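Structure first, then comments.
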Amino acid sequence: MKYNFDELTDRRNTNSLKWDVGENELPMWVADMDFKTAPEIADAVIARAKSGIYGYQIVPDEWYKAVAGWWTRRHNFEVKEEWLCFCTGVIPAVTSAVKRITNVGDNVVVQTPVYDIFFHSVENTGRRVLENKLSYDGEKYSIDFADLEAKLSDPLTTMLVLCNPHNPAGKVWARDELVKIGALCKRYGVTVLSDEIHCDLTEPNVEYTPFASASEECKSISVTCVAASKAFNLAGLQSAAVIIPDEGLRNKIVRGLNSDEVAEPNAFAVAATIAAFTKGGEWLDELREYISENRRTAAKFIERDLPELKLVGQDATYLLWIDCSAVTYDAEKLCEYIRKKTGLFITAGNQYRGNGHFFVRINVACPRVRLLDGLARLKEGVNGFSGKK
């Protein structure tokens, strides 16, 4: 490989949210990679820093071209530059869109178990979460379309939040599934807010379908949130893009982002994003290969050493979703025990609702030696917890 993903970096005492833990603890929870970003991006940020002036920024034409070009080249979706608007993050965009497109008291459908901040974006603004619980057959997740239609047909339902690819299940939704979602939402007058932040972290040779590209109906009702932050480890630079093909819908979103004061970039956001989407392709391809090998390593370990656990098959993200139902009905208690006994800090699935209380989520975007340390701690913790029963 051209890039070294085995390099160990010490992130303690760097004001890192992920690494704000005890001395002997190993954090494998929040979706933040332990890899340095692509050197091409670091070079762009360093060059920007050397200017010595960090005043108010505009979003230049190069940013629009970089984002649109990436989706055309990498995802076979021709995004027009006028469809794009800048935002300081995917979650600010989600919250702003909920406030602009729905009214207080409206229903917003989410497909659980799913990223928990969606619930905050909905409920903190006075809207109501309606769970379309994903069906789980013990191996994989699928959409319960009968339940979905029932929830969408409620007159108070005005938005569906789609996670594509899905976090935490790692599911890449098929085009026909997206087309079916789009047709139902169009029929019942529901806007689809699609969070596609993990789209560049699919398994090698696995491609995702942007929701807005699945059909003309999907395109007409879609607000899509994307960013370089997950794939290139740039979350701290606070940069995202929102893709809205429909002009009327776009005008509402743009007004909302500006009203919420989340439409202006900081001094480094634009330079980093342009570098990621114009120079980061080779680095990203190698990263995906490395994460894929980490996933295989974890799968073999769990199958051999922790057969009571079951790793859900995944095609995207760097987040393992592990079925612990043979060990506990409350993943939160399991995670608390594992952290106390071994120092391994992982995420209990309870917060993702749905059937999340049976699962734990583990971040494997780290050097392999650190992954092996985490797996050994997981084994120690699960065995100790099981022995207490």
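The values are calculated or read from the model by the stated rules, or taken from the named source; none is laboratory data. Fair warning: this is a prediction, and the values are worked out from it, not measured in the lab. Here Cβ is always computed from backbone atoms with ideal geometry, including for glycine, and neighbour counts include all displayed protein chains. Note: areas computed on protein heavy atoms with side chains; ligands, DNA, RNA excluded. Shrake-Rupley method; radii C 1.70, N 1.55, O 1.52, S 1.80 Å.
Things to note:
- Scan of the stretch 185-206 for residues that are modelled with pLDDT of 95 or more and either farther than 25 Å from ILE253 by Cα or touching a His at 6+ places or on another chain (Cβ under 6 Å) (or both), ordered by number: LEU201, THR202, GLU203, PRO204, VAL206
- Among (1) open to solvent by 30 Å² or more (accessible area, probe 1.4 Å); (2) over 22 Å from ASP106 (Cβ atoms); (3) of a type in the set (A, V, I, L, M); (4) in a helix (DSSP H, G or I), the one test that VAL206 misses: (4)
- Filtered residue count, the stretch 112-170, keeping only those that are within 14 Å of CYS185 (Cα to Cα) and either without any contact (Cβ under 8 Å) to a residue 12 or more places away in the chain or within 16 Å of the chain's Cα centre (by Cα) (or both): 5
- Members of the stretch 292-328 that are part of a loop (DSSP other than H, G, I, E, B), polar (S, T, N, Q) and within 22 Å of THR209 (Cα to Cα): GLN314, THR317
Residues are listed down the side, and each one gets a yes or a no for (1) free of Cβ contacts under 8 Å to residues at least 60 places away in the same chain; (2) among the aliphatic types (A, V, I, L, M):
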position: ALA235; (1), (2): no, yes
position: PRO245; (1), (2): no, no
position: VAL262; (1), (2): no, yes
position: ALA269; (1), (2): no, yes
position: ALA276; (1), (2): no, yes
position: GLU286; (1), (2): no, no
position: GLU289; (1), (2): no, no
position: THR297; (1), (2): no, no
position: LYS300; (1), (2): yes, no
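- Any chance VAL262 is on the phi < 0 side of the Ramachandran plot and either among the small types (Gly, Ala, Ser) or not in a loop (DSSP other than H, G, I, E, B) (or both): no
- In the stretch 29-85, the residues that are open to solvent by 20 Å² or more (accessible area, probe 1.4 Å), in contact with a Leu (Cβ under 7 Å, 6 or more places away or on another chain) and assigned to a helix (DSSP H, G or I): TYR64
- Qualifying residues in the stretch 267-309 (those that are among the polar types (S, T, N, Q) and either buried (at least 21 other Cβ atoms within 10 Å of the Cβ) or in contact with a helix residue (DSSP H, G or I) (Cβ under 7 Å, 6 or more places away or on another chain) (or both)) - the one nearest to VAL206 (Cα to Cα): ASN294
- Sole residue being polar (S, T, N, Q), more than 20 Å from PHE145 (Cβ to Cβ), modelled with pLDDT of 95 or more and open to solvent by 50 Å² or more (accessible area, probe 1.4 Å), chosen from SER229, SER220, SER259: SER259
- Looking only at residues in the stretch 232-247 that are assigned to a helix (DSSP H, G or I) and under 30 Å from TRP19 (Cβ atoms), the one that is least open to solvent (accessible area, probe 1.4 Å) is PHE232.
This table checks each residue for (1) touching a Lys or Arg at 6+ places or on another chain (Cβ under 8 Å); (2) of a type in the set (Val, Ile, Thr).
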position	(1), (2)
ILE181	no, yes
TYR188	no, no
VAL226	no, yes
ASN233	yes, no
ALA241	no, no
LYS252	yes, no
GLU261	no, no
